[in-house]
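> Once you've had a glance at the structure underneath, I'll fire off some questions.
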Amino acid sequence: MSLTTSYFAILGEVEGRRISISRFNHPRTLAHVDEILRSFAPSIPLLTRYKGGKMGWPEYVRRYTEEQRAHYQETKGDFDELLKTAEHRRIVLACYERFEGPETKCHRILLYNMLKKVAARRDFDVKFIDEEIRTRR
């Protein structure tokens, strides 16, 4: 099947198994979430530094990528399980940041691109569907 991304504000309008990859999940967002996978979220120190303005986007990208590489090395099964599920059903990775196009600064886009690479390298049969700009109805 497929894997795509979205954000919580419109998640109720999105089809598929909706998986939160956020460190913190507000109760009102959970109504539209089927599963929470915090292991794909940035660490609390990284998130706090970035959201607090103590680091810029390039540093955040580098550090989040390092965290997920370590995650992959320690627990390839987390990545495999997600991709195996996406082979058979539509998966939607979700978090808080509104999608504004290719310039969107959000870890879900970084993770999505990492999963594309893992899928290609390990022969997972997953169709990747890039997120599109949507507005709330």
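> Which one is nearest to the chain's Cα centre (by Cα), of the residues in the stretch 105-129 that are outside any helix (DSSP H, G or I) and either over 20 Å from Ser20 (Cβ atoms) or at pLDDT below 95 (or both)?
Residues of the stretch 105-129 that are outside any helix (DSSP H, G or I), as a first pass: 105-106, 123-129.
Add one more test, that the residue is either over 20 Å from Ser20 (Cβ atoms) or at pLDDT below 95 (or both), and what stays is 123-125, 127.
Numbers: Asp123: 20, Phe124: 18, Asp125: 19, Lys127: 16 Å.
So the residue we want is Lys127.
> Determine, yes or no, whether Phe40 is open to solvent by less than 80 Å² (accessible area, probe 1.4 Å), within 20 Å of Ala9 (Cβ to Cβ) and not β-branched (Val, Ile, Thr).
When the stated conditions are applied, Phe40 passes them.
> Which of the residues spanning the stretch 1-22 are part of a loop (DSSP other than H, G, I, E, B) and either hydrophobic (A, V, I, L, M, F, W, C) or in contact with a helix residue (DSSP H, G or I) (Cβ under 6 Å, 6 or more places away or on another chain) (or both)? Explain how you work it out, then say what you get.
The initial filter retains those residues of the stretch 1-22 that are part of a loop (DSSP other than H, G, I, E, B), namely 1, 14-16, 21-22.
Answer for the stretch 1-22, where residues must be part of a loop (DSSP other than H, G, I, E, B) and either hydrophobic (A, V, I, L, M, F, W, C) or in contact with a helix residue (DSSP H, G or I) (Cβ under 6 Å, 6 or more places away or on another chain) (or both): Met1, Val14, Ile21.
> If you scan the stretch 100-110, which residues turn out to be of a type in the set (Lys, Arg) and open to solvent by less than 90 Å² (accessible area, probe 1.4 Å)?
First, the residues of the stretch 100-110 that are of a type in the set (Lys, Arg): 105, 108.
Once the filter is applied, which keeps residues that are of a type in the set (Lys, Arg) and open to solvent by less than 90 Å² (accessible area, probe 1.4 Å), the stretch 100-110 yields only Arg108.
> Go through the stretch 64-99 and count every residue that is crowded, with 17+ Cβ neighbours inside 10 Å and basic (Lys, Arg).
Total meeting the criteria: 1.
> Could you pull out the residue among Ser6, Ser20, Ser2 that is touching a Ser or Thr at 6+ places or on another chain (Cβ under 8 Å) and either without any contact (Cβ under 8 Å) to a residue 24 or more places away in the chain or under 19 Å from Asp130 (Cα atoms) (or both)?
On the way: Ser6 fails: touching a Ser or Thr at 6+ places or on another chain (Cβ under 8 Å); Ser2 fails: touching a Ser or Thr at 6+ places or on another chain (Cβ under 8 Å).
None of the other options fit; the residue is Ser20.
> Which pairs have Cβ atoms under 6 Å, sit 6 or more apart or on different chains, and link a residue in the stretch 44-60 that is under 19 Å from Cys95 (Cβ atoms) and open to solvent by less than 80 Å² (accessible area, probe 1.4 Å) to one that is modelled with pLDDT under 95 and of a type in the set (S, T, N, Q)?
Listed by first residue and then by second, the contacts come to nothing, as the list is empty.
The values are calculated or read from the model by the stated rules, or taken from the named source; none is laboratory data. Not measured: the values here are computed from a predicted model. Positions of Cβ are backbone-derived with ideal geometry, glycine not excepted, and every protein chain shown enters the neighbour counts. What goes into the accessible areas is simple: the full protein's heavy atoms, side chains included, and nothing from ligands, DNA or RNA. Shrake-Rupley method; radii C 1.70, N 1.55, O 1.52, S 1.80 Å.
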